[in-house]
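For reference, the structure discussed in these notes is given below.
The values are calculated or read from the model by the stated rules, or taken from the named source; none is laboratory data. Here the structure is a predicted model, which means the values were calculated and not measured. Quick reminder, even Gly has a Cβ in these numbers, built from the backbone with ideal geometry, and neighbours come from all protein chains shown. When the accessible area is computed, the model is the full protein with side chains, heavy atoms only, and any ligands, DNA or RNA have been set aside. Shrake-Rupley method; radii C 1.70, N 1.55, O 1.52, S 1.80 Å.
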Amino acid sequence: MNNDKPIMGWAVAGTLFAIINLITFIVANRPIGASTAFPYIGNVIFPAIENEYWKEIKTSGFWEAWFLLGGLIGAFITSKLTKTFRFTLTPIYWEKNLQMGTVSRVVFAFVGGFLLIFGARMAGGCTSGHMFSGGMQLAVSSLWFALFAFIGGLVAANLIYRRRYRD
Amino acid sequence: MSTIITAFIIGLFFGAIMQLAQLDRLAKVIGAFLLKDLTIPKALLMAMGVGAILIYTAEYFGFIHFHIKPFYPVGIAIGGIIFGIGMVIVGYCPGSMPEAVGEGRIDALFGIIAGIIGGVIFTMIFPVYENSFLHGTVVGKPVLADLFGLSGTSKWLFSVFVGGVFIGLAFLVDKLEKKYLQ
């Protein structure tokens, strides 16, 4: 596993991300972001909770929901074009390198997905909005976020996966 | 309508880049935090570096406005730690789960559903959270240059320099990774 090299290298990908973020600033007068889409979609499905948070997120959340739909389709197109599309419930890495099964994958995805969005909303952004977009603007809030996200991730990865990991 | 089209098209490119560079893979997220595969940190540093140079230059010449998120140290630190733990458990980021689903990785769909539930629960407790000690006080919206009291041309040049440092760091991490991890 992991011997399949990415079609696009990290340096090119990083540069292109910077360029499309600049384009987003120019054409949409906002930065790229993703995590607000989740409470937005949730509030569309359960319209009962119309508190002040809804007013705060509805413009961003609407944009980010369509942005992420574009992301899904974009990845679908390139994965089909490059023949890397694969229907899987459990990534090979999860089974081979981390020695875990399908049930744990589903449970982990669920628990992790909840914490991921909950934490992002507490902090006001995620990898996209804070680390990429905020990081590019050298925002103190975003660099602070990146620092603590890395601490949390390093500790969690070492506690949960380190002893299971096989090369 | 034009908002939808712009957001969707930008998303298409974002998703394509992420998929082609494999940044939407669980192996890359968990690999990064186990310090086995530093593709994501390198791409992140590169994007921040090139982005800082582009954004600060565009702002200096009046093409764009900044969009800085407020700095509330306590809430961002706690949220950041929870986010980091969540990212390691789910194996994806909020912005990479849709791409993972797009290339057929169905486990990310469970992450999306749980994320939507997390978003709803956060919405319900937001009024309490916002005024609690867990959120804490907001200390403005500073950028790095503000901490040194820079403005105008010196702010621009300083920020372009920091961008260059980030790019240098990305290639340094790449060198170290090749030397020690492969």
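If a/c stays under 1.5 just call it rounded; otherwise compare a/b with b/c (prolate if a/b is bigger, oblate if not). Do that for chain B, with a ≥ b ≥ c from the square roots of the Cα gyration tensor eigenvalues.
Rounded shape, in that the Cα axes give a/c under 1.5.
Could you provide, to the nearest whole Å², the per residue accessible area of region B:69-141 with probe 1.4 Å?
Averaged over the residues of region B:69-141, the accessible area is 33 Å².
Using +1 at the C-beta of Lys and Arg and -1 at the C-beta of Asp and Glu, which of A:129, A:66, A:98 has the Cα lying farthest in the positive direction of the dipole of region A:1-145?
The residue sitting farthest along the positive end of the dipole is A:98.
Could you give the size of the charge dipole of region A:38-159 about its Cα centre, using +1 on the Cβ of each K and R and -1 on the Cβ of each D and E, expressed in debye and rounded to the nearest 20? Intermediate results must be reported in sequence, preceding the final value.
On the way: 8 positive and 5 negative charges, 97 e Å.
About 460 debye.
Over 19 Å between Cα atoms: which of A:5/B:36; A:80/B:36; B:42/B:178; A:96/B:42; A:83/B:36; B:42/B:179 fall into that group? Could you put the intermediate results ahead of the total?
Working: A:5/B:36 15 Å; A:80/B:36 28 Å; B:42/B:178 12 Å; A:96/B:42 25 Å; A:83/B:36 26 Å; B:42/B:179 15 Å.
Those over the limit are A:80/B:36; A:96/B:42; A:83/B:36.
Hey, any idea what % of region A:1-87's accessible area is carbon plus sulfur with a 1.4 Å probe? Display every interim value, and only then the final one.
Details: 2950 of 4370 Å².
Result for region A:1-87: 68 percent of the exposed heavy-atom area is carbon or sulfur.
Using a 10 Å cut-off around each Cβ of peptide A:86-92, what is the average number of partner chain Cβ atoms that fall inside?
So the per-residue partner count for this stretch is 5.
Using the Karplus curve 6.51 cos²θ - 1.76 cosθ + 1.60 with θ = phi - 60°, work out ³J(HN,Hα) for each residue of region B:143-159 in order, rounded to whole Hz, and write x for Gly and Pro.
10, 3, 4, 5, 5, 9, x, 8, 8, x, 5, 5, 5, 4, 5, 4, 5
Check which residues have an amide H placed less than 5 Å from residue B:143's amide H, if you skip close sequence neighbours.
A:140
Once you average over the residues of A:42-54, how many Cβ atoms of partner chains fall within 10 Å of each Cβ?
4
Mind checking which aspartates and glutamates have their C-alpha under 17 Å from residue B:175, skipping anything on the same chain fewer than 8 residues away?
B:37
Search the structure for amide H atoms under 5 Å from the amide H of residue A:88, placed 1.01 Å from N in the peptide plane, and list their residues when 5 or more places away or on another chain.
It is B:105, B:106, by chain and number.
Work through the residues other than residue A:11 whose Cβ is under 11 Å from its Cβ and net out their charges, Lys, Arg +1 and Asp, Glu -1.
Value of the local net charge: 0.
Before we go on, tell me the buried accessible area for the B/A pair, both chains summed, 1.4 Å probe, in Å² to the nearest 100.
Numbers: alone 12440 and 12430 Å², together 14500 Å².
Separately minus together, B and A give about 10400 Å² buried.
Just the accessible area per residue of chain A, please: how many Å² with a 1.4 Å probe?
I get 43 Å² per residue for chain A.
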